[in-house]
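The values are calculated or read from the model by the stated rules, or taken from the named source; none is laboratory data. Please read all numbers here as calculations on a predicted model, not as lab measurements. Cβ: placed from backbone, ideal geometry, glycine included. Neighbour counts: every protein chain shown. Just the protein is used for accessible areas: all its heavy atoms, side chains included, with ligands, DNA and RNA removed. Shrake-Rupley method; radii C 1.70, N 1.55, O 1.52, S 1.80 Å.
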Amino acid sequence: MVAAAVTVAFAVLAHALHGVNRSAAVAGGLACFALFWGAGPAAFATLAALFLLTWFTTRLGYRRKQELGLAERREGRNARQVLANLAIAAFGALLFGATENRAWIVAAIAAMAEAATDTVASEIGQSRRQDARLITTGQRVPAGTDGGITLPGTVAGLIAGVVIAAVANLGGILPRREMWIPVMSGFAGMLADSLLGATIQRRGWLSNEAVNLVATLAAAALAYGILMAWR
């Protein structure tokens, strides 16, 4: 009942802040419930940190992004965008709750770190620069181009991943000695997202949501593998 109450409150607040539309509020609420039920309040706090990071950076330099045609819709993200970023984390939390295998919660945190790293990197890059560099060739491309990266965005994204890991650590679900795992896995997932964006997505073979889902899965799988090998 506590998880359900927190879920409803979180979904209502996210919608009220125009971070998500109605369908996305439902999708985010389901992910929130899975994280809270599977891993407790600390997992919810990590999710809340992810939401606040993405909400703030999405609105940073909003007028400039509007002029470039890159601004997020006023009503916020839709359900497909939310699930693409949170489905893997929610699944990892559920597996952790069912098995008590800590590798699953580290994987879930890594998925959230990737979502934060990728979103913050994109939003900061678009708000600070009019152009970017294609990750595959280094070619200068307009800001917002699939596969384009910027130095300010990349640094900001890495910091966002550290924030996610720090919140999880403060909540007691991620030991300090393991904080580097979701941070580095999330960063690697962000690079994979950019690589897929510059190749497969630009050819129209995968949607942006599909690329985001694959990137969070890659980050989670990498974190799981590192922790299992490290034990």
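Summing charges over neighbours of GLY171, with a neighbour being any other residue whose Cβ is under 15 Å away from its Cβ, gives +1 when K and R count +1 and D and E count -1. In the chain, the portion of solvent-accessible area held by carbon and sulfur atoms comes to 66 percent [1.4 Å probe, whole percent, DNA, RNA and ligands not counted]. Between PRO182, PRO142, PRO41, the Gaussian network model of the chain with springs among Cα atoms under 10 angstrom shows the greatest mean-square fluctuation at PRO142. Over the range 69-197, what is the relative contact order in percent, taking alpha-carbon pairs closer than 8 angstrom and at least six residues apart? Reported relative contact order: 27 percent.
In this simple spin-label approximation, ARG202 and GLU100 carry label points 7 Å from Cα along the Cα→Cβ vector, and these lie 5.0 nm apart.
Can you give the FRET efficiency to the nearest 0.05 for THR136 and ILE159, using r as the Cβ-Cβ distance and R₀ = 22 Å? With R0 = 22 Å, the Cβ-Cβ based efficiency is 0.35. Of all the options MET112, MET190, MET179, the one that moves most in a Gaussian network model of the chain with Cα springs shorter than 10 angstrom is MET179.
Note on ALA5 and ALA210: with the Förster distance fixed at 41 Å, the Cβ-Cβ geometry gives a FRET efficiency of about 0.80. Taking every alpha-carbon pair under 8 Å whose residues sit at least 6 apart, the chain reaches a relative contact order of 23 percent. Against the criterion of solvent-accessible heavy-atom surface with a 1.4 angstrom probe, PHE51, PHE91 sort, most first, into PHE91, PHE51. Please identify, among SER185, SER207, SER127, the residue showing maximal mean-square fluctuation in a Gaussian network model of the chain using a 10 angstrom Cα cutoff. With Cα springs under 10 Å in the chain, the top fluctuation among SER185, SER207, SER127 is at SER207.
With a simple spin-label model that places each label point 7 Å from the Cα along the Cα-to-Cβ direction, the separation between LEU17 and LEU60 comes to 1.5 nm.
Using the Cβ atoms and a cut-off under 15 Å, what net charge is assigned to the surroundings of ALA219, where Lys and Arg are +1 and Asp and Glu are -1?
On the way: positive: none; negative: GLU114, ASP118, GLU178, ASP193.
Residues near ALA219 contribute -4 overall.
Counting heavy atoms of the protein chains only and a 1.4 Å probe, report the per residue accessible area for the chain as a whole number of Å². Spell out each step's value before the answer.
Values: 10820 Å² over 231 residues.
That works out to 47 Å² per residue.
At 222 nm, what value in deg cm²/dmol follows for the chain if DSSP H runs of at least 4 each add -39500 (n - 2.57) and the sum is divided by all its residues, to the nearest 500?
On the way: 9 runs with 167 residues, N = 231.
Calculated at 222 nm, the ellipticity per residue is -24500 deg cm²/dmol.
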